[in-house]
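Q: Below is a structure I'd like to ask you about.
The values are calculated or read from the model by the stated rules, or taken from the named source; none is laboratory data. Values in this document were obtained by computation on a predicted structure and should not be read as measured data. In this analysis, Cβ positions are derived from the backbone assuming ideal geometry, glycine residues included, and neighbour counts consider all displayed protein chains.
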Amino acid sequence: MSTPRIAFIGTGLMGGPMAMNLLKAGFAVAAWNRTLAKAEALRPAGATVAPSAAAAADGADVIITMLESGPVVETLLFEAGVVSALKSGALVIDMTSAEPQRARAHAERLATLGIGYLDAPVSGGTPGAKAGTLAIMAGGNETDFERATGIFSAMGRATRVGPVGSGQLAKLCNQIIVSVTISAVGEALLLASAGGADPAAVRQALTGGFADSKILQIHGGMMLDRSFIPGGPAWTLRKDGRTILAAARDFGLTLPIAERAASLFEQLCAHGGEKYDCAAVLLELERMSSGKRLGTTPDRLPN
């Protein structure tokens with residue numbers, strides 16, 4: 001079987017390194033990004049840089065979207081000529097974090113045109129995107145998933161979690177855990193500091209115990225350094241928090257812990273932190289604690 005030609009739409013913080021890993025694995029990639037310079041960065045590695053999303057999709061066997069939100073994906077696919085440029089038998093892999101119901105609607109529309117579909121959002125942040133170690137949660141039929149396994153393996157570890165829409169549902173589960181845990185790490189370090197313990201030593205003491213996690217290690221370190229330059233900006237957890245709570249309402253669920261975490265990220269963004277890293281939830285916790293502060297290091301914030 002010949003190597004599929006891939007159109008990669010959205011080569012920003014996450015999509016850029018993901019596309020780079022596809023190029024390193026030997027795939028032919030046509031790249032497009034709204035800020036064209038971000039796609040141009042892939043040209044030295046062998047990518048073709050397309051002038052539009054539709055031009056990137058023209059003749060592609062597989063199109064991967066890694067965009068800001070579900071509505072942006074929908075606009076590009078169905079209003080900007082991307083789907084019209086695809087041939088029957090092509091496969092759309094949407095790796096954007098979006099709504100499960102939107103994924104199902106996209107799959108239904110594409111099926112009428114003979115185009116396959118997988119919703120396959122990811123977890124692992126920019127470090128995982130660069131290292132090719134992303135956790136990929138895929139929803140769709142087994143045939144389409146098998147067709148995509150070689151592509152997924154260049155970017156990380158893929159698991160088929162159910163039919164279309166299930167990948168997005170799994171990502172919402174992931175985001176509940178992420179948003180709650182980042183908030184809990186901020187609370188724990190702030191408590192240690194306010195009580196007179198060395199918060200860096202407390203973090204080290206927790207290593208290897210039940211409270212240890214990648215978030216404690218990575219985001220906890222960012223909080224201690226007060227470095228809030230984004231790997232994953234806070235607006236993404238605000239967006240996903242809204243989607244989580246909407247899904248919970250649809251399913252008749254009450255998720256009080258997820259609700260509280262979502263509220264923290266809503267407040268952080270309302271106070272100007274939407275482009276800060278998610279670790280900046282610490283700033284909101286400090287604001288709520290009458291200005292109690294973790295350490296004396298000046299904040300490092302994005303421009």
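Q: Which pairs have Cβ atoms under 8 Å, sit 6 or more apart or on different chains, and link a residue in the stretch 197-210 that is assigned by TED's automatic domain parsing to the domain that holds I182 to one that is among the charged types (D, E, K, R) and surrounded by 12 or more Cβ atoms within 10 Å (Cβ to Cβ)?
A: L206/D212
Q: I need a count of the residues in the stretch 182-235 that are of a type outside the set (A, V, I, L, M) and in a loop (DSSP other than H, G, I, E, B).
A: Qualifying residue count, the stretch 182-235: 14.
Q: May I pose another question? Identify all residues within the stretch 244-292 that are outside any strand (DSSP E or B) and of a type in the set (D, E, K, R); write none if there are none.
A: Once the filter is applied, which keeps residues that are outside any strand (DSSP E or B) and of a type in the set (D, E, K, R), the stretch 244-292 yields R249, D250, E259, R260, E266, E274, K275, E284, E286, R287, K292.
Q: Can you find a residue in the stretch 136-153 that is part of a helix (DSSP H, G or I) and more than 20 Å from D61 (Cβ to Cβ)?
A: There is no residue in the stretch 136-153 that is part of a helix (DSSP H, G or I) and more than 20 Å from D61 (Cβ to Cβ).
Q: Additional query: I'm checking my understanding of the structure. Among residues of the stretch 254-276 that are in contact (Cβ under 8 Å) with a residue 60 or more places away in the chain and within 16 Å of G232 (Cβ to Cβ), which one is farthest from the chain's Cα centre (by Cα)?
A: Applying the filter and picking the extreme gives L264.
Q: Going by what's in this entry, would P51 be described as out of contact with any Phe, Trp or Tyr (no Cβ under 9 Å at 6 or more places or on another chain) and at pLDDT 95 or above?
A: no
Q: Give the residues of the stretch 126-181 that are in contact with a Phe, Trp or Tyr (Cβ under 9 Å, 6 or more places away or on another chain) and β-branched (V, I, T), sorted by residue number.
A: Within the stretch 126-181, I136, I151, V164 meet the criteria.
Q: Here is a further query. Only residues in the stretch 224-250 that are closer than 13 Å to E274 by Cβ count as the first member; pair them with residues that are acidic (D, E) and surrounded by fewer than 20 Cβ atoms within 10 Å (Cβ to Cβ), Cβ under 8 angstrom, at least 6 apart or cross-chain, and list the lot.
A: From residues that are closer than 13 Å to E274 by Cβ, the pairs are F228/D299; P233/E274; A234/E274; W235/E274; R238/E266; R238/E274; G241/E266.
Q: Restricting attention to the stretch 112-131, which residues are under 15 Å from I64 (Cβ atoms) and either out of contact with any Lys or Arg (no Cβ under 8 Å at 6 or more places or on another chain) or not in a loop (DSSP other than H, G, I, E, B) (or both)?
A: I115, G116, Y117, L118, D119, A120, V122, A129
Q: Okay, moving on. Here are some conditions: (1) at pLDDT 95 or above; (2) surrounded by fewer than 24 Cβ atoms within 10 Å (Cβ to Cβ). L36 meets all but one. Which one does it not meet?
A: Every condition holds for L36 apart from (1).
Q: Residues in the stretch 217-226: is at least one out of contact with any Ser or Thr (no Cβ under 9 Å at 6 or more places or on another chain) and closer than 26 Å to P71 by Cα?
A: No: zero hits.
Q: Spot the failing condition for V92; the list is (1) of a type in the set (V, I, T); (2) surrounded by fewer than 19 Cβ atoms within 10 Å (Cβ to Cβ); (3) closer than 20 Å to R147 by Cβ, and only one is missed.
A: It fails just one condition, (2).
Q: Then there's this: Which residue, of E74, E79, is surrounded by fewer than 16 Cβ atoms within 10 Å (Cβ to Cβ) and either touching a His at 6+ places or on another chain (Cβ under 9 Å) or without any contact (Cβ under 8 Å) to a residue 60 or more places away in the chain (or both)?
A: Result: E79 is the single residue among E74, E79 that is surrounded by fewer than 16 Cβ atoms within 10 Å (Cβ to Cβ) and either touching a His at 6+ places or on another chain (Cβ under 9 Å) or without any contact (Cβ under 8 Å) to a residue 60 or more places away in the chain (or both).
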